[in-house]
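The values are calculated or read from the model by the stated rules, or taken from the named source; none is laboratory data. From a predicted model like this one, the values you see are computed outputs, not experimental measurements. Here the Cβ positions follow ideal geometry from the backbone for every residue, glycine too, while neighbour counts run over all protein chains shown. Just the protein is used for accessible areas: all its heavy atoms, side chains included, with ligands, DNA and RNA removed. Shrake-Rupley method; radii C 1.70, N 1.55, O 1.52, S 1.80 Å.
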Amino acid sequence: MTKKVLFAAVVCALVSAPGFAGCDKPSAPNAIPDGKSAAMDDMMAAKKVVDSFRKDMEEYLSCEKNTGKLESAQAELGRVAARFNAEVRAFKAKG
């Protein structure tokens, strides 16, 4: 292999690597406040965290190719959304 071919191969590998390196599954939010007792500020902060998680998860879903990992990530996103929505309903119900 000539030096030019080797150099071209290394450059191609380095240029394409970030696309694969950036496909990391985000962590779900650690806690979602109890809607029955949380303050509005706590619920708004949780909404920002959940929205950020959703955005990061959508990016992950667009780059992950493994079907099993995709299904697991989609299920996790659904669980987080359902948990947050249940707490929002409880928050609104307390008036």
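Whenever a residue of region 65-91 is more than 20 Å from S37 (Cβ to Cβ), its partners that are among the charged types (D, E, K, R) and surrounded by 16 or more Cβ atoms within 10 Å (Cβ to Cβ), lying with C-beta atoms within less than 6 angstrom and at least six residues away or across chains, give the pairs L70/E64. Taken together, the residues in region 1-60 that are at pLDDT 50 or above and aromatic (F, W, Y) amount to 2.
Counting just the residues of region 35-71 that are of a type in the set (S, T, Y) and open to solvent by 60 Å² or more (accessible area, probe 1.4 Å), which one comes out farthest from K25 (Cα to Cα)? Outline the logic, then answer.
Looking only at region 35-71, we keep the residues that are of a type in the set (S, T, Y), and these are 37, 52, 60, 62, 67.
If we keep only those that are open to solvent by 60 Å² or more (accessible area, probe 1.4 Å) as well, we get 37, 62, 67.
Values: S37: 31, S62: 11, T67: 14 Å.
Applying the filter and picking the extreme gives S37.
Here M44 meets each of (1) under 24 Å from E87 (Cβ atoms); (2) within 16 Å of the chain's Cα centre (by Cα); (3) not in a loop (DSSP other than H, G, I, E, B) with one exception, condition (2).
Return yes or no: is K55 assigned to a helix (DSSP H, G or I) and within 15 Å of the chain's Cα centre (by Cα)? For K55, the condition - assigned to a helix (DSSP H, G or I) and within 15 Å of the chain's Cα centre (by Cα) - is met. Scanning region 72-95 for residues that are open to solvent by 40 Å² or more (accessible area, probe 1.4 Å), over 16 Å from A31 (Cα atoms) and at pLDDT 95 or above yields S72, Q74, A75, R89, K92, A93.
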